[in-house]
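Everything on this sheet refers to the single structure shown next.
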Amino acid sequence: MLSRPRRNRSSAAVRNLIRETELNAGHLVQPIFLMPEADARLPIASLPGTFRMGIDEVLREIEDCMQFGLLSYMMFPAVPEEHKDKTGTYATAAENFYLHAARAIKERFPEVCLISDVALDPYSTDGHDGVVIDGEIHNDETLKLLDAMSVAQAQAGFDVIGPSDMMDGRIGSIRRALDREGYTGTGIMAYTAKYASAFYGPFRDALDSAPRQLQDVPSDKKTYQMDPANAREALREAAHDAAEGADYLMVKPALNYLDIIYRLHEAHPLPIAAYHVSGECAMLLAAAERGWLDYEQAASEALLSIRRAGADVIISYFAKDYARWS
Ligand code: PBG
């Protein structure tokens, strides 16, 4: 045997020399679920270890995360039912607690990168990312609402706007709206290849945002989120988002879609983000709770795999723990 691959695995020093993939806190984004009550801290049954928090708790949490080198946060609002309606009016309301919280966070920690969520579902009585008109998710009417939501978020201080809605043409529409209002420096992280996945369950529990079982309202998101069977379609979405001015292309979920991450990474010079979603984290946590997997080792391997596939940025509920371990 002339060539023996095991020589390059023979000690920790050698393994360090030849390690191809590095993952540190700088690549990670911590999702945060925000509630209106300032001092609230409510667990999410299907996602142990993650909480819905009020702004006071969030400020404490960010301070804590920053000790471990985490500088980027993606925020989602848990909107009380009484503020929801068909068009998500509250998304741009002056009293919106989510916008106020963004302002407070950026005031206290100007160095963090704060990423928003743009979609109607947290604000909608129908539980859809777009507006439902005559039983259909109306693309172009939704764009107007997304534009207004994005401008309000940029005004509140979000550094990067995160459209998670999968409407056609929304990246260009939002880019133009931001530029028109003078927010040329506000970035857009496009949810480019977002699949109609079964792995969003705990997130929808956290926000009570699942599509509602109502007459005249579609019961799933398959007319706008992508079919898990498709890969080439992701390239088509990526071409649109890149041409429309996206600053990042995202693949979501991550682990079942590593091939998509790889393909987008090969096809586009834009940074690739991957969203390691709630259900992916919940599965691992459930197995760890039973003693079937080691949480630290399994979570680290999952995150490293996503990075190895080609993700520059990883959004994960494990971000804080990983940053602490590394
Ligand atoms: C909806 C949105 C979803 C997630 C982020 N934004 C769920 C959905 O499309 O229903 C899921 C994230 C997760 O599961 O962690 N705009």
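Key figures
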quantity	calculated
222 nm mean residue ellipticity, helices alone, for the chain (DSSP H n ≥ 4; -39,500 (n - 2.57); rounded to 500)	-11500 deg cm²/dmol
The stretch 2-13 - phi-based ³J(HN,Hα) in whole Hz, Karplus 6.51/-1.76/1.60, Gly and Pro as x	7, 10, 10, x, 5, 4, 7, 10, 6, 8, 4, 4
Per DSSP, loop trypsin sites (Lys or Arg not before Pro) in the stretch 17-63 with at most 13 further Cβ within 10 Å	ARG19
Phi-based couplings in Hz for the stretch 269-274 (Karplus 6.51, -1.76, 1.60; Gly and Pro marked x)	x, 5, x, 9, 9, 10
Gyration tensor (alpha-carbon) shape descriptor, the stretch 23-252, a/c threshold 1.5	rounded
GNM result for the chain, Cα springs below 10 Å: residue of ILE188, ILE115, ILE18 fluctuating most strongly	ILE18
GNM result for the chain, Cα springs below 10 Å: residue of GLY127, GLY69, GLY88 fluctuating most strongly	GLY69
Listed residue pairs exceeding 18 Å between alpha carbons, taken from LYS222/LYS252; LYS252/LYS320; LYS86/LYS194; LYS84/LYS106; LYS86/LYS221; LYS86/LYS144	LYS252/LYS320; LYS86/LYS194; LYS84/LYS106
Long-range amide H partners of CYS113 with built H, under 5 Å	SER72, TYR73
Relative contact order computed over the stretch 23-252 (Cα-Cα under 8 Å; 6+ residues apart), in percent	18 percent
Max mean-square fluctuation residue, GNM over the chain, Cα-Cα springs under 10 Å, options THR89, THR21, THR186	THR21
Packing-based exposure ordering (other Cβ within 10 Å, fewest first) of GLU111, GLU57, GLU296	GLU111, GLU296, GLU57
Kyte-Doolittle at least -0.5, axis length at least 24 Å by Cα - qualifying DSSP helices, the chain	139-156
Overall form of the stretch 163-275 per C-alpha gyration tensor (a/c, 1.5; a/b vs b/c)	oblate
Fraction of antiparallel bridges per DSSP, the chain only, in percent to nearest 5	15 percent
Gyration tensor (alpha-carbon) shape descriptor, the stretch 1-115, a/c threshold 1.5	prolate
Sequence-distant residues sharing a close amide H with MET226 (under 5 Å, placed H)	LYS194, TYR195, ALA196
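Just so you know, all these numbers are worked out from the coordinates, no wet-lab data involved. This one's a predicted model, so the numbers in the text were calculated from it and none came from an experiment. Because the Cβ atoms are built from the backbone with ideal geometry, glycine has one as well, and the counts that use them run over all protein chains shown.
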